[in-house]
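What follows is one structure encoded as structure tokens, with my remarks underneath.
The values are calculated or read from the model by the stated rules, or taken from the named source; none is laboratory data. Here the structure is a predicted model, which is why all the values come from computation and not from measurement. Ideal geometry is used to build each Cβ from the backbone, glycine not excepted, and the neighbour counts take in all protein chains shown. Areas reflect the complete protein model, heavy atoms only, side chains present, ligands, DNA and RNA absent. Shrake-Rupley method; radii C 1.70, N 1.55, O 1.52, S 1.80 Å.
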Amino acid sequence: MRPAGPGGPPPAPSRDSKGLAVLALKGAGLVAIAAVSALLWWLIRHEPEPTPIADTPANSGRFQYTLVEGPQVTTDCASKSYGDTKEFFTQTPCKRLSRALYTTETGGKKALVSVVLVTMPGEVTATQLKALTDKDGTGNVSDLVRDGTFKAQGAPKISGQDAAYDSHVTGPDVAIVLAGFYDKQTDKPVLERIATDALRLSGDLRR
């Protein structure tokens, strides 16, 4: 067969040139994949760590609390208590006392919460203290409202009959909670749940 003349179609590319073109395309594809993979790896390595949310006792339970007074720390429990509880501390001194006040809100009601942490010489005396303060008419550790430390206007008295009470012993530590609503509002079941929930705040008072 004669070669194509000047006006004829161009010669078809050889098999070698087709193979080179395919290899070039494959190579370009591999280079692109490698570049994307490298970019993804760099992004993963350099992604900023999420900022952790502090899981403190004040925000990790059923109710959320705001510290409004304290903590106040002393080793003289007798001078910070009253009634039979004061006499108990006179005979059996504590090793450490930490007191604080918090507020919390629920269902349109605002409560003031006293949290006290007493560290006794040992678990036996801690259990004796809890048994004493759990009884009516035996006094207690003075909360920061009762002793005049917290002077905010409208603060409820939280050591009276309308207050809710709870306590807990952990080794030599006794946590005591009193809670009362502002504005003479009442809901004893809710107030008692607040008092029980607030026992965990004693963890803040160990620091």
Notebook entry, point to check: What accessible area per residue comes out for the stretch 52-207, rounded to a whole number of Å², with a 1.4 Å probe?
Noted result: 51
Check: If you plug each phi of the stretch 161-168 into the Karplus form 6.51 cos²θ - 1.76 cosθ + 1.60 with θ = phi - 60°, what whole-Hz ³J(HN,Hα) values come out, in order, with x for Gly and Pro?
Finding: 5, 7, 7, 9, 9, 7, 8, 7
Check: Given H placed 1.01 Å from N in the peptide plane, which residues other than close sequence neighbours of Glu69 have an amide H under 5 Å from its amide H?
Finding: Leu101
Next item on the list: Name the long-range amide H neighbours of Lys110: under 5 Å, sequence gap of 5 or more, or other chain; modelled H, no Pro or chain starts.
Entry: Tyr182
Notebook entry, point to check: In the stretch 70-171, what trypsin sites (Lys or Arg not before Pro) fall in a loop by DSSP, with at most 11 other Cβ atoms inside 10 Å?
Noted result: Lys135, Lys151
Notebook entry, point to check: What part of the accessible area of the stretch 53-157, given as a whole %, is carbon or sulfur when the probe is 1.4 angstrom?
Noted result: 48
Next item on the list: Could you work out the local net charge near Pro156, counting Lys and Arg as +1, Asp and Glu as -1, over the other residues with Cβ closer than 12 Å to its Cβ?
Entry: +2
Margin query: For the stretch 112-160, take every pair of Cα atoms, bin their distances at 10 Å starting from 0, and report each bin as a whole percent.
Written below: 22, 46, 26, 6
Notebook entry, point to check: In terms of Cα to Cα distance under 30 Å, which lysines are near enough to Lys188, apart from those fewer than 8 places away along the same chain?
Noted result: Lys80, Lys86, Lys109, Lys110, Lys130, Lys135, Lys151, Lys157
Item checked: Estimated vicinal HN-Hα couplings, Hz - the stretch 176-191 in sequence order (Karplus 6.51, -1.76, 1.60; Gly, Pro = x) -> 10, 10, 10, 9, x, 7, 6, 6, 6, 6, 9, 5, 4, x, 5, 4
